[in-house]
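This report concerns only the one structure given below.
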Amino acid sequence: MTSSYFCSLIPLFFTNLKLMKFKIIGLAFLVMFGYNALASSYLCQSPNGKIQIRFSLNASGQPSYSVSFKNKPIIEESGLGFKIKDKPNFGKMYKVVSVDSSRFNEKWEPVWGETKLIENNYRSLSITMKDTMLKANIVKIVFRVFNDGVGFRYEFPEQEHLKHFIVDDENSRFNLTGDHKIWWMPGDFDTNEYVYFTSQISEITKKAKKRDGAIFTATPIKGAFVQTPLMIKSQDGIYMNIHEAALVNYPAMDLKFDTTTFEASSVLAHDAVGNKAYLQTPTQTPWRTIVISEDAREIISSKLILNLNDPSKIKDPGYIKPMKYVGVWLEMHLGLSTWDMAGTQAASDAGADGTTKKKTKHGATTENTKRYIDFAANNGFGGVLVEGWNTGWEDWFGNWKEDVFDFVTPYADYDVVGINQYAKSKGVSMITHHETSGSITNYERWMDTAYKAMNRWGSPALKSGYVGRIIPRGEYHDGQWMVNHYLRAIRKAADKRIMVVAHEPVRPTGLHRTYPNFMAAEAARGQEFNFWSEGNPPEHETILPFTRLMGGPMDYTPGIFKIKKSYYDPKAKEQVHTTLVKQLALYVTLYSPVQMATDLPENYLARQDAFQFIKDVAVDWDDTKVLLAEPGDYIAIARKAKGKNNWFLGAVSDENSRTLTLDFSFLDKDKKYEVTIYKDAPDASWDLNPEAYQIEKKEITFKTKIPVLLARGGGVAMSIMAK
Ligand code: NOJ
Ligand code: CA
């Protein structure tokens, strides 16, 4: 480790921020000998000098940090620390034992991703402290300061007086400087499938009373609690995002706000007996992350969370292949067919209660699945998902029953071996579905057998699901026990060379860097809500990239062409709250290496011209340019297809119509391109005329600028092919 000019190893016994740039000299011994008679501070700057953190220990030995951006405070002095069970004196009067700083800069290549190379560039500051107890406890606080934000975590080294311990509370705080605007969902350790609220911090409690449309497992925490990723905009236009990275063997963190001081405190998901985490030294917490920029586009482009995760542990990633897929899926969500063979289990009109009033037909039959396989093969899709193929669905929903599924026994009308062979003969992969119905004890018993069966059948990808309350009863989706389960499943799948897409897990924290077989997660309110509830408002997809997607790709299931459910059932009121064109744009704006072409094959075949975009659009990228972005309003992103000279562009609007001027200066200067523009018709809107679109082709260069009118709830999609 090299000491750095920009991260001070010597304690500063003053508080004037302007005095921080002095040279490191041989005063470090003051620190090494535990000099702590006075309050002291240590500073660390980002490589570009714009962001600076200050770590302080006050006169009573309590640690805190603050963050400034371009010399302006953005996080004021905020406490750090822990409450450990049965150790009431833990952390009493810390002393600094040693301080280290280092500089790191590398570029790494993800197995799949939004860009070909990712720069990991930061300065770090680690402060090792011990408390003044007779049998002292040692804690290290490590900061990494990047050009686009800060991460910090606690490390508990191997030590004599702290071995096995239980976390009662983590006291990490984020003391914001004012009543900022935030994009948030209510704190809840059991689901993240909420509509987002937009409000000032001071309004959280008032707004949180309105909890329409939450899923039945919703257990919102009363008071000013919010989930992360939390998106923030200050009055003077600084954007911040608070989340976490590398959530391993630890519960997820929600935030509790003091709505008068605007300070947020960490609140960890607890287990069935009220404890937060069971740890053994040496160990560490996840990183607490604050992405910071005065440009909203840089928040979406940030790779800070990925960079704080460990490099890939998968030695031979050859089996990991981004893909588009179709599936026996929407028909159940629309109530046209059922998950169970007897024909009783579909998503009902009344809501997500898992039952259908009218008896209909089983979706996952051999014959129906072959129809989807043929459609996938004819249109260049890599995968076919089938839900409702295995026995147990009669009993799956809301009963808190332990042994529901066995994950290996197909219904009598589904030939699982023959289907996989048929798919293989057509060059298509089957995506096997495991709905755990929250019964994890049961799933853990079956996982090994079920993954081996997938290997035998030749199915390389798994969609898992965690609908319902968790068994063991009393555990939450976001607690340490479940966090460990999700990762156990991903690791076991990696052992068996299986890709994973998880629905209803804890929200992602960048672990797909370490385990790139973890392709995507739902972990927020997906498209499905539009089919059986009041749905997702038009602004939803302009907020997701600033919140949920900060932690990783989302399996949102875009591509709906039949926007209103009344097409199938004249009495139905439900609808998708976008135009058809915005559904195309989502393939670009909502990043995922697996993307579903969600609508029914017949709806695509009826609109071949618009379907062409879904057939063409890539799912793995060499480059990404966020062109325009404002949370809750609009997003425009262009991406360059992996290994090709083609770009795809998507732009989406909220409930307002707006003109966005798209600037193509990102294109190669010496090339001409043919662009196909899929745009909302002039009279289109999400509610009155959602399916009206126009397609136009023209030649463009890097000098071109195109103003495009996006409808209310609308968008624009473009494929840009080099000539
Ligand atoms: C909820 C998932 O999000 C959805 O994709 C799936 O179809 C149902 N659960 C049934 O497992
Ligand atoms: Ca879901």
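The values are calculated or read from the model by the stated rules, or taken from the named source; none is laboratory data. Since we're looking at a predicted model, the values are computed, not measured. With ideal geometry, Cβ positions are generated from the backbone for all residues, glycine too; neighbour counts draw on all protein chains shown.
List of remarks:
- Pairing each residue of region 457-469 that is closer than 7 Å to residue 438 by Cβ with any residue that is away from ligand 1 (no atom under 13 Å from the Cβ) and of a type in the set (D, E, K, R), provided the two are 6+ apart or on different chains, yields C-beta distances under 9 Å for 469/190; 469/475.
- Inside region 512-540, residues that are under 22 Å from residue 563 (Cβ atoms) and away from ligand 2 (no atom under 16 Å from the Cβ) make up a count of 3.
- Any chance residue 388 is modelled with pLDDT under 95, assigned to a loop (DSSP other than H, G, I, E, B) and farther than 23 Å from residue 488 by Cα: no
- Yes/no for residue 101 being within 26 Å of residue 44 (Cβ to Cβ), out of contact with any helix residue (DSSP H, G or I) (no Cβ under 7 Å at 6 or more places or on another chain) and not aromatic (Phe, Trp, Tyr): yes
- Residue 208, sole failed condition from (1) within 16 Å of ligand 2 (Cβ to nearest atom); (2) at pLDDT below 95: (1)
- Residue, farthest from residue 581 (Cα to Cα), within region 600-629, restricted to residues that are among the charged types (D, E, K, R) and without any contact (Cβ under 8 Å) to a residue 60 or more places away in the chain: 625
- Only listed residue being more than 16 Å from ligand 2 (Cβ to nearest atom) and either over 23 Å from residue 378 (Cα atoms) or of a type outside the set (Gly, Ala, Ser) (or both), chosen from 509, 598: 509
- Candidate set from region 319-346 (those that are within 25 Å of the chain's Cα centre (by Cα) and within 15 Å of ligand 2 (Cβ to nearest atom)); member that is nearest to residue 496 (Cα to Cα): 327
- Whichever residue in region 128-162 is under 22 Å from residue 248 (Cα atoms) and aliphatic (A, V, I, L, M) and, among such residues, is surrounded by the fewest Cβ atoms within 10 Å (Cβ to Cβ): 142
- Within region 267-288, if we keep just the residues that are farther than 24 Å from residue 220 by Cα and either among the β-branched types (Val, Ile, Thr) or crowded, with 23+ Cβ neighbours inside 10 Å (or both), the residue that is farthest from the chain's Cα centre (by Cα) turns out to be 281.
- Residue in region 253-267 that is over 22 Å from residue 512 (Cβ atoms), part of a strand (DSSP E or B) and of a type in the set (S, T, N, Q) present: yes
- Of all residues making up region 455-484, the number that are away from ligand 1 (no atom under 16 Å from the Cβ) and assigned to a loop (DSSP other than H, G, I, E, B): 10
- Of all the criteria given as (1) buried (at least 18 other Cβ atoms within 10 Å of the Cβ); (2) in contact (Cβ under 8 Å) with a residue 24 or more places away in the chain; (3) over 30 Å from residue 379 (Cα atoms), the one not satisfied by residue 474 is (1).
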